[in-house]
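The values are calculated or read from the model by the stated rules, or taken from the named source; none is laboratory data. Quantities reported herein were computed from a predicted structural model and do not represent experimental measurements. Note that we place each Cβ from the backbone using ideal geometry, even for glycine, and neighbour counts take in every protein chain shown.
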Amino acid sequence: MKFTRLRLSGFKSFVEPVDLQIEPGLTGVVGPNGCGKSNLLEALRWVMGESSYKSMRAAGMDDVIFSGTTQRPARNMAEVMVTLATDTAEALEVSRRIEREAGSAYRINGRDVRARDVQLLFADASTGARSPALVRQGQIAEIINAKPQARRLILEEAAGITGLHTRRHEAELKLRAAEQNLARLDDVAAQLETQLNSLKRQARQAVKYKQLSAEIRKLEAAGLFVAWREAAEHLAQDGTELDAATLALAEATRLSSAKLRERDELGERLPALREEEARRAAALQRLSHERAALDAEERRAEERRLELDRQLAQTGNDLLREEELRGDTEKVLARLAAEDEALAAAAASDSEARAGAALALQAAAEAMGRAQEAADATAARLSDLMARRSAVARLVEEQRTRLARLDREAAEAEARRADLMARFASSGDGAALSAAAESALTAVADMEAAATAAEWAVREARQAENEARATHDEARRRADRLQTEIRTLSTLLKSADGDLWPPLVDQLKVAAGYEAALGAALGDDLDASADEAAPVHWRGLPPLAEVPSLPGGVEPLASYVSAPEALNRRLSHIGIVSRDVGQALQSQLRPGQRLVSRE
């Protein structure tokens with residue numbers, strides 16, 4: 001391997017492209033200090049893969065790029081290319097290009113390679129960036145003062161076996177990597193053997209499960225067919241009931257419309273009838289007030305008559321007492337007169353007796369005067385009593401006359417009231433109006449009751465229609481659902497017979513004790529395939545932005561089932577609970593969530 005050409009551009013002091021031809025023989029480069037002689041040697045070392053910027057006498061690898069002067073601007077890129085002549089090819093071009101803050105790039109004959117590839121290329125030729133053939137400043141003194149180990153490296157480089165050491169190190173690394181791969185392959189083979197045994201056991205279980213599933217699907221299909229047939233019968237019956245309810249509703253609507261029309265007609269006549277009724281009620285009330293006043297006056301007259309009768313009886317009693325007093329007075333006067341005659345007869349015989357008789361006569365005269373006064377007073381009192389009796393008799397007669405008049409007025413008022421009632425009853429217009437009013441009121445009440453009954457009948461008919469329609473819709477939905485299930489089961493049976501799409505259950509791993517919960521949660525969905533070409537299959541959906549959490553304390557079924565990605569979203573919405581708390585947590589579920597128990 002010989003260097004035939006060195007080309008520099010932007011490397012250290014070589015700001016302009018420089019093309020240096022290296023002819024056979026000895027080539028010397030002479031010049032004053034600082035003209036760039038050492039830069040040529042460093043360019044050779046740099047293009048051969050030198051990675052130490054200190055060896056380039058720089059503070060960083062970017063410092064090998066021309067940094068500029070006061071008269072020339074700095075460059076952003078530096079490139080060095082060396083042309084080699086080998087025994088196997090005419091020319092081999094190796095280049096290294098560096099950009100500021102971007103690192104270096106190596107090429108061999110225009111093809112991008114690694115720095116290690118360039119280093120191995122020169123190491124195979126017993127040369128390189130740190131070859132002893134490239135003597136830098138101060139290296140002779142370093143060789144003289146070097147330790148034996150360092151001298152050995154220099155001798156190995158001089159002997160050309162440095163590349164062999166490098167390739168041996170790489171071969172050892174590859175050998176150790178191959179040994180590690182073989183060990184891993186043994187572990188993988190053991191794991192695959194274990195999985196193979198488990199898969200064989202699962203395959204036997206799957207075959208048995210497939211047979212049982214086929215039987216179950218056939219039985220379920222038969223049961224669904226029976227249920228569908230019953231639903232169809234119920235649907236026909238519900239349709240008949242719906243037709244009957246519709247007819248009843250139409251009849252009730254017709255009757256209600258007729259009753260409403262009659263009510264409207266009577267309502268138009270009702271104001272006049274009510275006005276006439278109010279007028280007659282006012283007249284009747286006025287007559288009732290007059291009768292009540294007459295009755296009160298009659299009661300007062302009767303009370304006055306009774307009081308006068310009592311006073312008259314008292315006056316009669318007073319007259320009887322006066323008559324008795326007058327009789328007693330007359331008796332006293334007769335006795336006194338007899339005594340007076342006896343005294344007069346005795347006066348002749350005796351003067352003393354005469355004087356005593358005179359005194360007795362005087363006393364008798366005084367007594368007679370007093371008796372006369374009493375008789376006069378009694379007569380005056382009797383006269384007064386007689387006058388009072390006459391006045392009382394006249395008052396009684398007047399009261400009786402007034403009472404009779406009041407009785408006649410009451411009788412006349414009663415007669416007038418009866419006459420008015422009779423006139424109302426016998427009058428054609430009045431009777432017609434009364435009868436019409438009463439008939440109208442009765443008819444209005446009947447019509448209102450009939451309208452209310454019709455409205456209730458319409459409401460009940462509509463309710464029956466809604467219930468029948470809901471039952472009809474529910475039966476139709478059940479029939480559609482059963483038909484869909486029958487079609488699905490038929491498709492599944494066909495697909496199961498051909499073993500075209502294996503069910504998803506073959507890919508599940510369920511924790512012990514949770515098989516029943518999985519079956520209750522997914523049911524026939526376990527028979528669907530994960531292959532989207534199947535007529536019934538699972539399809540993976542993108543994850544939700546915010547997964548709704550299950551109620552507190554409830555664990556998802558996904559924690560106990562290992563399933564493909566398409567089933568994880570479904571399993572995360574199914575919670576495992578015990579039977580006694582499932583009902584209480586039902587109201588806390590979000591849309592799409594459900595709860596099952598292990599039993």
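List of remarks:
- Test: residue in region 550-565 that is in contact (Cβ under 8 Å) with a residue 60 or more places away in the chain and either on the phi < 0 side of the Ramachandran plot or of a type outside the set (S, T, N, Q) (or both): yes
- Exactly one residue among Glu515, Glu532 is acidic (Asp, Glu) and farther than 21 Å from Leu212 by Cα, and that residue is Glu532.
- Only residues that are in a loop (DSSP other than H, G, I, E, B) and either within 60 Å of the chain's Cα centre (by Cα) or touching a residue at least 40 places away in the same chain (Cβ under 8 Å) (or both) were counted across region 40-54, and they come to 4.
- Condition check for Leu212: surrounded by fewer than 16 Cβ atoms within 10 Å (Cβ to Cβ), under 46 Å from the mean Cα position of the chain (by Cα) and not assigned by TED's automatic domain parsing to the domain that holds Asp506: yes
- Condition check for Thr83: over 23 Å from Phe122 (Cβ atoms), surrounded by 10 or more Cβ atoms within 10 Å (Cβ to Cβ) and at pLDDT 85 or above: no
- For region 103-115, the count of residues that are touching a residue at least 40 places away in the same chain (Cβ under 8 Å) and in a loop (DSSP other than H, G, I, E, B) is zero.
- Residue, surrounded by the fewest Cβ atoms within 10 Å (Cβ to Cβ), within region 507-532, restricted to residues that are without any contact (Cβ under 8 Å) to a residue 24 or more places away in the chain and farther than 25 Å from Gln586 by Cα: Ala512
- Qualifying residue in region 130-153 (condition: basic (Lys, Arg), in the same structural domain as Ala59 (by TED's automatic domain parsing) and at pLDDT 75 or above): no
- Leading residue by the ranking (farthest from Asp62 (Cα to Cα)) among those in region 3-39 that are of a type in the set (Val, Ile, Thr) and part of a loop (DSSP other than H, G, I, E, B): Thr27
- Residue in region 533-550 that is modelled with pLDDT of 80 or more and surrounded by 13 or more Cβ atoms within 10 Å (Cβ to Cβ) present: yes
- The listed residue being polar (S, T, N, Q), within 19 Å of the chain's Cα centre (by Cα), over 19 Å from Gln507 (Cβ atoms) and modelled with pLDDT of 80 or more, out of Gln593, Gln583: Gln593
- Check on Ala558, more than 24 Å from the chain's Cα centre (by Cα), at pLDDT below 80 and in the same structural domain as Ser529 (by TED's automatic domain parsing): no
- When region 1-45 is limited to residues that are polar (S, T, N, Q) and at pLDDT below 90, the one that is surrounded by the fewest Cβ atoms within 10 Å (Cβ to Cβ) turns out to be Asn33.
- Pick from region 221-258, criterion touching a helix residue (DSSP H, G or I) at 6+ places or on another chain (Cβ under 8 Å) and β-branched (Val, Ile, Thr), ranking: nearest to Asp524 (Cα to Cα): Thr246
- The number of residues in region 173-213 that are touching a residue at least 24 places away in the same chain (Cβ under 8 Å) and among the basic types (Lys, Arg) comes to 1.
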